[in-house]
């Protein structure tokens, strides 16, 4: 799946996008976790080869660190924005053997390959203050993306919107990222 | 590579710690020194986590020598792939072609195998041939002779055999072996210049790319190698074809350290010994496995507690097995249980261990922050 193929229709109340440009956890060594794919048949090799990305963005994090970054953001928005609804996290990749942090397994978090159907349904039901975290962070050569992350607040109520803007800063939610851009609808 | 006590305490020893930024830095420095592209030898460091963090810079390609190495890399990077082994068989050849890799044929048998396949990929992309470096240079030294590649006569015949099947030879590979650059680098460039017209005449077309190997030593940046003379020797070739080199230890060695922790100390007749949690089973290349002395490695010691005083007596650093050869370094000064020893320049070829003695665990592998 290419990074650009996941596009959410509609406009969030407020959103912020930033890019990972360096290893985000200074001083922390990362233990090896990537494995060979057990291929033997040349048709299997051809299929995997067709996934190759060129030119790629560098891989700056491990699969576990990708989860850790997402958990940090989920915890931050949950702690700083009162009345928050469901947090929907776009999660793609091949890291099925890496344990998820507890924050991402909470009842108030939905992990999905495609946020659109869930988000559309919840908006249609009149739910408010829904957070959608879309991320294209590369954690393995197989994982496409441009190392960006977007956190969007949908159907925001007034206090939640201000709280989001207060936390969506280079020192706050995006302290491990660079090139922050915040967009406010209207 | 600096390592503080705080950084070391995060690690489960014995382990290797690798720095992607040093790989990228040394690759770029080597490209500049050689004045050509550099194909990365994956065998020098087959750590996938390190590969994925560096491969965006491996734009000249990566050399792979087995199905396992192809497995590790395919799908993870679109950089050019070269499959090159004297043990190429049909399974690896088919897999390589499926991955759109360039196949480097090492022998007349491999030429027959490729020519007999009738594979469209071979006709579209062509193949490379490997030339035997000692034969090419006319060297009679036994230390220069190896079993890789073909002599020029065999290669000329191969070019014709392949051409008859519609397969073009697009490149040549010559590699004289580890640490051969200072002695044979210029000789290979000149010998290849002399042989190239014959090989091109055999195929009736120019050969587009030449990989001159390298044999650049791990510590090349401190050896004052004469790259200027070498680049001058390349000029007749570079006006004719694209030149690349291949490197493993030259770009990975400085990027990795082996780290082991002292689990016991003792004294036999005044000879001090530090027993560590890693040794021959995790870092075979550090061990004294031959009767003649290997180069003595003096690791850095990182003390974990205030030192109680100096000790000028020599200190032997031994590993965690009961193998007499499990002696991995020498040091001086005080030492205590829980101290770390950090062996630098272990980033290339060190993670392989032929020893599974005592069923000891392999070293952990880490990416440094």
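Observations
- Within 10 Å of the Cβ of each residue in A:138-144, the mean number of Cβ atoms contributed by other protein chains is 4.
- The order of B:103, A:77, A:28, A:167, going from fewest to most other C-beta atoms within 10 Å of their C-beta, is A:28, A:167, A:77, B:103.
- Burial ranking of peptide ranges B:202-208, B:265-271 (average Cβ count within 10 Å, highest at the top): B:202-208, B:265-271
- Residue-averaged beta-carbon neighbours from other chains (10 angstrom radius) around B:199-209: 0
- Förster radius 35 Å - calculated FRET efficiency between residue A:25 and residue B:209 (Cβ-Cβ, nearest 0.05): 0.30
- Förster radius 41 Å - calculated FRET efficiency between residue B:232 and residue A:75, Cβ distance, rounded to 0.05: 0.10
- Between residue B:357 and residue B:113, the modelled labels are 3.5 nm apart [label points 7 Å from Cα along Cα→Cβ].
- Nearest 10 degrees, 0 to 90: helix B:227-238 Cα axis against chain B principal axis: 20 degrees
- The equivalent ellipsoid that matches the C-alpha gyration tensor of the protein assembly as shown spans semi-axes of 46, 36, 19 angstrom, in descending order.
- Shielding value for A:22-32 is 6, the average number of Cβ atoms from other chains within 10 Å of each residue's Cβ.
- The protein assembly as shown, helix-only ellipticity at 222 nm - DSSP H runs n ≥ 4, -39,500 (n - 2.57), divided by all residues, nearest 500: -8500 deg cm²/dmol
- Nearest-ten-degree value, helix B:181-203 long axis tilted from longest Cα axis of chain B: 20 degrees
- For segment A:10-184: rounded, prolate or oblate by the Cα gyration tensor [a/c cutoff 1.5]: prolate
- The slack in the chain from residue B:91 to residue B:304, taken as 0.36 nm per residue of separation less the alpha-carbon distance, amounts to 71.5 nm.
- Modelled label positions at residue B:2 and residue B:263, each set 7 Å beyond Cα in the direction of Cβ, lie 3.1 nm from each other.
- Global form of segment B:1-50, assessed from the alpha-carbon gyration tensor, a/c cut-off 1.5: oblate
- Net length available on complete extension from residue B:190 to residue B:145 is 14.4 nm, with 0.36 nm assigned per residue and the Cα-Cα distance removed.
- Angle of helix A:158-167 to the longest C-alpha principal axis of chain A, folded into 0 to 90 degrees and rounded to 10: 50°.
- By definition, a body whose alpha carbon gyration tensor gives a ≥ b ≥ c is oblate when a/c is 1.5 or more and a/b is not larger than b/c, and segment B:1-85 fits this oblate description.
- Values of log10 I(q)/I(0), in the order q = 0.09, 0.10, 0.11, 0.15 Å⁻¹, for chain B under a Debye, Cα-only, solvent-free model: -0.57, -0.69, -0.81, -1.25
- Separation between Cα centres of segment A:18-57 and segment A:110-177, rounded to whole Å: 24 Å
Each value in this text was obtained by applying a stated rule to the coordinates, not by laboratory testing. Being a predicted model, the structure only gives us computed values, none of them experimental. Every residue, glycine among them, receives a Cβ derived from its backbone with ideal geometry; neighbour counts consider all protein chains shown.
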